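Enquirer: Okay, here's the structure, questions in a sec.
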Amino acid sequence: MAEEVEEENRHTLTQLMDRLQKEDIHGSLGAIDALGRIGVPAVAPLVELLTTGNQNVRWRSAMALARVGTFSVEPLIEVASTRDVSVRNPAIWALAEIGSPKAVEPLVRIMQNEESECCRILTAAALLKINDPAGVEAVNREYERSGEEFRGRVDEAFSGS
């Protein structure tokens with residue numbers, strides 16, 4: 001009996017992953033919600049899509065990982081810390097949505113060391129959204145270092161997130 005349930009769960013997960021990739025935005029939003037409810041079993045396949053999919057699939061995977069919540073934090077930190085910017089940005093967005101303090105230190109490092117201005121801005125906005133004192137302090141230091149234009153872009157990104 002347990003094997004039948006496990007097989008059914010694998011089949012459901014496979015179907016939802018397929019919908020996430022292939023359906024229009026409405027259909028994929030339903031899959032995103034369902035994958036979030038599945039939780040831990042969805043994390044590894046979603047991280048795989050986040051790192052290998054096209055731009056739409058990456059962002060949809062990030063949305064689903066954000067809905068999974070805290071179980072996604074460690075894999076998202078790893079992706080955000082080691083991948084190229086096209087993968088890093090959706091991972092950073094998902095970390096901001098989850099809001100875990102575990103993400104603060106890695107996000108501060110990314111903000112301080114990232115070459116992509118867009119990614120630095122998104123990371124600063126993520127730190128503000130998480131609202132951990134160490135992250136907010138790091139953003140304030142970055143404002144001093146990078147100037148008013150950076151602050152304005154971060155404020156815009158924060159307001160839009």
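Enquirer: Pick out the one residue from Ile121, Ile92, Ile98, Ile130 that is touching a Lys or Arg at 6+ places or on another chain (Cβ under 8 Å) and surrounded by 14 or more Cβ atoms within 10 Å (Cβ to Cβ).
Expert: The match here is Ile121.
Enquirer: For the list (1) over 25 Å from Asp33 (Cα atoms); (2) modelled with pLDDT of 95 or more, I need the number of the one condition that Ala96 fails.
Expert: (1)
Enquirer: If you check Leu16 against the conditions, is it touching a helix residue (DSSP H, G or I) at 6+ places or on another chain (Cβ under 9 Å), at pLDDT 95 or above, crowded, with 21+ Cβ neighbours inside 10 Å and more than 30 Å from Ser146 (Cβ to Cβ)?
Expert: No: the conditions fail for Leu16.
The values are calculated or read from the model by the stated rules, or taken from the named source; none is laboratory data. In this text the structure is predicted, and so the values were computed from the model without any measurement. Note that each Cβ is placed from the backbone with ideal geometry, even for glycine, and that neighbours are counted across all protein chains shown.
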